[in-house]
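Peer 1: Below you'll find the structure I mean.
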Amino acid sequence: MTQKAVVIFSGGMDSFTILNKVIQQGDVPYALSFNYGQRHKKELDYAARACEILGVKHKIIDISAINELIGGSSLTDDIEVPEGHYEEESMKQTVVPNRNMILLSMAVGYAVSIGAPDVYYGAHSGDHAIYPDCRPEFVNAMNDVCAIANYESVNIKTPYIHNSKIEILTDGLKMGLDYGLTWTCYNGQEKACGKCGACQERLEAFKENGATDPLDYMS
């Protein structure tokens, strides 16, 4: 039976794949993006364009004022974005304090208001080492809370929580998805930098899938 589903949609590869998975399984997605004061808005522009092409209902919510409370990350403050793979200790500089708990709380409120039983977000196994709010124990705890926080229970769904970005891309390529509609780079320049952790992980995924990334890179 067709039902509504809220999808937290950053404009990146993982949430784009989930958004399309929700569509292909026959549910009606309500995409939700957030301006939380991140260092560039390019990913939000990509999110809006993808939703327009897919014909998906989409909201971009400005919560940038929250940056006064949750600073200290290279994604939100004037701190240089570290280069290298996500497994490196320096990538902890990209952690935004409590980000996913905040975004999920708002997404759950939206889900209750529109009668959607599920909220999806793109946590995956490659995030576990650096981001505590992408680990299975966090998702399980959030699900326990979301079962009792409202009169209506809402499920937090993470289809790729135990999969790598390589495996996510494999799934997306099987679905025939156009990843030229996504933006991953932490730097909002005309071309992707190719050096930050997000770019390196993305390029590795395409290489391991024997595919070519449709985005242009500076190097």
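Peer 1: Can you tell me which residue is farthest from A198 (Cα to Cα) among those in the range 123-168 that are among the aromatic types (F, W, Y) and assigned to a loop (DSSP other than H, G, I, E, B)?
Peer 2: Result: Y151.
Peer 1: Continuing with the same structure: I need the full set of residues from the range 38-95 which are modelled with pLDDT under 85, among the aliphatic types (A, V, I, L, M) and either in contact with a helix residue (DSSP H, G or I) (Cβ under 6 Å, 6 or more places away or on another chain) or not in a loop (DSSP other than H, G, I, E, B) (or both), in order please.
Peer 2: I66, L75, M91
Peer 1: Scan (1) surrounded by 15 or more Cβ atoms within 10 Å (Cβ to Cβ); (2) more than 27 Å from A48 (Cβ to Cβ) for the single condition G126 breaks and write down its number.
Peer 2: (2)
Peer 1: Then there is this: So, in the range 20-35, how many residues would count as being of a type outside the set (D, E, K, R), over 14 Å from P117 (Cα atoms) and in contact (Cβ under 8 Å) with a residue 40 or more places away in the chain?
Peer 2: 4
Peer 1: Next question. When you scan the range 205-216, do you find a residue that is crowded, with 16+ Cβ neighbours inside 10 Å, touching a residue at least 60 places away in the same chain (Cβ under 8 Å), closer than 29 Å to L104 by Cβ and not β-branched (V, I, T), even just one?
Peer 2: Yes.
Peer 1: Is at least one residue of the range 174-185 surrounded by fewer than 13 Cβ atoms within 10 Å (Cβ to Cβ), of a type in the set (D, E, K, R) and free of Cβ contacts under 8 Å to residues at least 24 places away in the same chain? Working first, answer last.
Peer 2: Looking only at the range 174-185, we keep the residues that are surrounded by fewer than 13 Cβ atoms within 10 Å (Cβ to Cβ), and these are 174-176, 178, 180.
Cutting the leftovers down to of a type in the set (D, E, K, R) gives us 174, 178.
Now drop any that are not free of Cβ contacts under 8 Å to residues at least 24 places away in the same chain, which leaves 174.
For the range 174-185, residues surrounded by fewer than 13 Cβ atoms within 10 Å (Cβ to Cβ), of a type in the set (D, E, K, R) and free of Cβ contacts under 8 Å to residues at least 24 places away in the same chain: present.
Peer 1: Here is a further query. Of the numbered conditions (1) out of contact with any helix residue (DSSP H, G or I) (no Cβ under 6 Å at 6 or more places or on another chain); (2) farther than 20 Å from L44 by Cβ, V154 fails exactly one; give the number of that condition.
Peer 2: The number of the failed condition is (1).
The values are calculated or read from the model by the stated rules, or taken from the named source; none is laboratory data. Given the structure is predicted, the values throughout are model-derived calculations rather than measurements. Here Cβ is always computed from backbone atoms with ideal geometry, including for glycine, and neighbour counts include all displayed protein chains.
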